[in-house]
Amino acid sequence: MNEAAPHIVTGKSEGVLRVEIRRPEKKNALTAAMYGQLADVFGQAVADSDVRVLLLHGQPGAFTAGNDLGEFLNDPPMNEDAPVFRFLTAFRDFPKPFLAAVTGPAVGVGTTMLLHCDLVFAGEGAKFQLPFVSLGLCPEAASSLLLPALIGHARAAEVILLGEPFGAGQAREMGLVNAVLPDAEVLDHALARARRLAAQPPAAVRLAKQLLKRSQAALIRETMAEEDRQFKVRLNSPEAREAFGAFLEKRKPDFSRFS
Ligand code: COA
């Protein structure tokens, strides 16, 4: 594997670009620098005809804990061209198959990006969570559209409003993941599926992917634009700042003074 950057590591073989998030000491929490590198990797993969499939993964201990909460507190992304928004756009518009092998926690964007994947494989110990509301934020990556479309309003409201984690079995039952495997086998299984996909006729694969997503494409763009607008406002809200501070200070947040 070539080290494209310390926390994002890539390797290419048999038409499959493996992209590993590697910041295990922080559960693969994503910094602006990492988002920027990921956006660049996705962009280069579009242009590289040797890449037919992109497979994203972490390590057995973590897929990703989502956005680095220290950065959200101290340097929130406020511009449209901020690395986080470049990354969301990059996976939303990625024209080739996008696969994920999920082990350990997949929090925030770690779960919402899966709604844009073509195939997702999860380890038995994977834990998914959309804690945006608990953090004083709002859903992102078109999850406010894609999650209810996948599982219905009642279950989407439960996952988004309460923000509690759910396991791989529930994710499979929701249709968020294709298969659940023992943690030690997830990456190999995902790689085998990725290689199989890379051997398919590439133009037909890209066309089928585009057609599968066609009915929602315009709505996804519109929803993401509105979510991004609201998200930026929420990042500086007193509720969010209380939630970020509480996480970093390892205490329970107290929202009792807010109306
Ligand atoms: N941002 C910054 N640091 C993070 C982080 C994040 N999103 N997630 C984890 N970390 C850090 C912890 O602060 C801790 O750092 P420390 O060792 O310097 O104290 C380290 O990673 C390990 O995390 P820890 O909480 O001890 O691991 P855990 O296995 O008990 O729990 C999680 C893992 C992912 C469930 C938990 O860390 C968590 O809830 N993280 C926040 C997730 C989140 O809200 N993300 C934002 C989504 S928008």
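The aspartates and glutamates whose alpha-carbon is closer than 14 Å to the alpha-carbon of K96, local same-chain residues fewer than 8 away aside, are D48, D50, D118.
Treat every Asp and Glu Cβ in segment 44-110 as -1 and every Lys and Arg Cβ as +1, leave all other atoms uncharged, and give the resulting dipole magnitude about the Cα centre to the nearest 20 debye. Intermediate results must be reported in sequence, preceding the final value.
Values: 4 positive and 8 negative charges, 67 e Å.
With only Lys, Arg, Asp and Glu charged at Cβ, the dipole is about 320 debye.
Considering only G245, N28, A154, the residue lying farthest towards the positive end of the dipole of the chain is A154, judged by Cα position with unit charges set on Cβ. The GluC sites (Glu not before Pro) of segment 185-238 include none that DSSP puts in a loop with a beta carbon having at most 12 other beta carbons within 10 Å. Report summary: the helix-based calculation at 222 nm, which adds -39500 (n - 2.57) for every DSSP H run with n ≥ 4 and divides by the residues of the chain, gives -14500 deg cm²/dmol. Helix 153-162 and the longest principal axis of the C-alpha atoms of the chain enclose an angle of approximately 60°.
With all protein chains kept in place, the per residue accessible area of segment 173-259 amounts to 65 square angstrom at a probe of 1.4 angstrom.
Taking segment 187-231 and a reference point 7 angstrom along Cα→Cβ of D50, the backbone N atoms nearer than 20 Å belong to 191-192, 194-203.
How much of the accessible area of segment 48-156, probe 1.4 Å, is carbon plus sulfur, in whole percent? Whole-percent figure for carbon plus sulfur exposure: 54. In this structure R241 has an accessible area near 90 Å², from a 1.4 Å probe over the protein heavy atoms.
Considering only A179, A106, L197, the residue lying farthest towards the positive end of the dipole of the chain is L197, judged by Cα position with unit charges set on Cβ.
Assuming a ≥ b ≥ c are the square roots of the Cα gyration tensor eigenvalues, decide whether segment 204-259 counts as rounded (a/c under 1.5), prolate (otherwise, with a/b larger than b/c) or oblate.
prolate
Filter the cross-link list K127/K252; K26/K250; K27/K252; K27/K250; K12/K127; K27/K213 down to pairs whose alpha-carbon distance in this structure exceeds 25 Å. From the list (K127/K252; K26/K250; K27/K252; K27/K250; K12/K127; K27/K213), the Cα-Cα distance tops 25 Å for K12/K127; K27/K213.
Between helix 32-47 and the chain there is an angle of about 30 degrees, using the helix long axis and the longest principal axis of the Cα atoms.
Along the axis of the charge dipole computed for the chain (Cβ charges of +1 for Lys and Arg, -1 for Asp and Glu, origin at the Cα centre), the listed residues H116, Q230, L137 are led at the positive end by H116.
Normalising the average separation of contacting C-alpha pairs (under 8 angstrom, six or more residues apart) by the number of residues puts the relative contact order of the chain at 19 percent.
Placing +1 on the Cβ of every Lys and Arg and -1 on the Cβ of every Asp and Glu, with nothing else charged, gives segment 144-255 a dipole about its Cα centre of roughly 560 debye.
Per residue, the accessible area of segment 26-132 comes to 31 Å², computed with a 1.4 Å probe over protein heavy atoms only. For the chain, the Cβ-based charge dipole about the Cα centre amounts to some 420 debye (Lys, Arg positive; Asp, Glu negative; other atoms uncharged).
Principal axis extents of the Cα atoms in segment 2-183, from largest to smallest and rounded to whole angstrom, are 43, 38, 30.
The values are calculated or read from the model by the stated rules, or taken from the named source; none is laboratory data. From a predicted model like this one, the values you see are computed outputs, not experimental measurements. Every residue, glycine as well, gets a Cβ built from its backbone with ideal geometry; the counts of neighbours run over all protein chains shown. Note: areas computed on protein heavy atoms with side chains; ligands, DNA, RNA excluded. Shrake-Rupley method; radii C 1.70, N 1.55, O 1.52, S 1.80 Å.
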